Amino acid sequence: MPVLETKERFEIKRFVIRGSSLAGNHLGDPINREVLVLERNVKDSTPALIGLAGFFGSSISFVNRSYMGHDFFTVLNKIAEKKSRSFLIVLPDTMTSYYGNQYVNSSAVGNYEDFIVKDVIGFINKQYGKRKLGVFGKSSGGFGSYSLASKHPELFEGFVDVSGDSGFEFCYLKDFPIALSKLERMSPEKFLKYFNEKPRPENSDFEAMNVLAMAAFYSPNHKRKVGFDLPFDVKYHTLRQDVWNKWLLFDPLRNLEQRLDNLREEKIVLQVGKRDEFSINIGMKGMSRKLERYKVKHEYKEFDEGHFGIEYLYEESLPSLMKALGE
């Protein structure tokens, strides 16, 4: 377990854990996964916060330095300006052959919900002892944070959702025509090969890959060679309502009402840019309004931002979560 040299106000440790939940996954992705842990003044009362990366990113994305704005290290250094502050941040590697993760169990990808709630939490309990747990993330990581916390209130006492996928018709449907045009020319299997081999994919390639990946997470079908069903008919250009309905089961804007009892005792922080390029602000505002309707306490704030380069929002939300969980 090497300790990385750093000039930061916290210590960075690197571990490798066995993700037993990922054994036999359809993609043959690695079972052993790196976990980065960022520690500062860790005490028995310090909660463990699990950070989930956005799509096309993983644990290493949190520690990539940026000189065009406040990166995650800058955020933590600012949080650490309060000398008494302690934190324990756990960043698991969740990268897949689809270039990201939605943190749900899928026969087409792997059991990544189980990986977090069993393998990663098992590692925390063994290495640091049982303690209060929170989860946070942006984009797909924000979606995963909401999904995991709202399904497992026995494990998580709060979450931060920054621009997490929600209001699926607003954030996903706009990519369907692009994906459809790509898949008219090649099968999903051939597109994946094409994407993997292309040294510099175009924006349209990323948008098509995102649709394939979401299908792998939301509409897996073990009877198909590729492992999932597409939400549209490639030949006749029609939406497959039966498949789309499977996607909607995962939409926070829709499933929130079924999880209200799980959410009432949790610390909830929602943040989003009101100029989000994927229109995620629409879904997240709807989530907040539903929480208000059912009198579920939460923090919701919109910023004059888009979807990217907004890691600085954690400067406000992480301390709020840490305080609620008993820093």
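The values are calculated or read from the model by the stated rules, or taken from the named source; none is laboratory data. The model shown is predicted, which means the values in this text are computed figures rather than measured ones. Virtual Cβ from ideal backbone geometry, glycine too; neighbours counted across all protein chains shown.
Among 156, 143, which is the only one that is in the same structural domain as residue 52 (by TED's automatic domain parsing), assigned to a loop (DSSP other than H, G, I, E, B) and buried (at least 24 other Cβ atoms within 10 Å of the Cβ)?
Unique residue meeting the criteria: 156.
Do you know which residues across region 287-311 are over 20 Å from residue 55 (Cβ atoms), touching a residue at least 12 places away in the same chain (Cβ under 8 Å) and not polar (S, T, N, Q)?
290, 291, 294, 296, 297, 298, 299, 300, 301, 302, 303, 304
Are any residues in region 219-273 among the polar types (S, T, N, Q) and within 25 Å of residue 152 (Cβ to Cβ), and if so, which ones?
The answer is 219, 245, 255, 258, 262, 271.
Can you confirm whether residue 187 is more than 30 Å from residue 291 (Cβ to Cβ) and small (Gly, Ala, Ser)?
yes
Does residue 41 satisfy being of a type in the set (S, T, N, Q), closer than 16 Å to residue 116 by Cα and over 17 Å from the mean Cα position of the chain (by Cα)?
When the stated conditions are applied, residue 41 does not pass them.
I'd like to know if region 235-244 contains one or more residues that are crowded, with 18+ Cβ neighbours inside 10 Å and not assigned by TED's automatic domain parsing to the domain that holds residue 111.
yes
Would you check if residue 189 is of a type in the set (Asp, Glu), closer than 30 Å to residue 269 by Cα and either at pLDDT 95 or above or not in a loop (DSSP other than H, G, I, E, B) (or both)?
no
Can you list the helices (runs of 4 or more DSSP H) found entirely within region 230-327 that contain at least 1 residues being touching a Ser or Thr at 6+ places or on another chain (Cβ under 9 Å) and more than 24 Å from residue 216 (Cα to Cα)?
Of the helices (runs of 4 or more DSSP H) lying wholly inside region 230-327, those with at least 1 residues that are touching a Ser or Thr at 6+ places or on another chain (Cβ under 9 Å) and more than 24 Å from residue 216 (Cα to Cα) span 260-263, 280-293, 314-324.
If you check 31, 79, 12, 50, which single one turns out to be under 17 Å from the mean Cα position of the chain (by Cα) and either closer than 23 Å to residue 268 by Cβ or surrounded by fewer than 20 Cβ atoms within 10 Å (Cβ to Cβ) (or both)?
50
Got a sec? Which of 48, 53, 80 is under 25 Å from residue 171 (Cβ atoms) and touching a residue at least 12 places away in the same chain (Cβ under 8 Å)?
53
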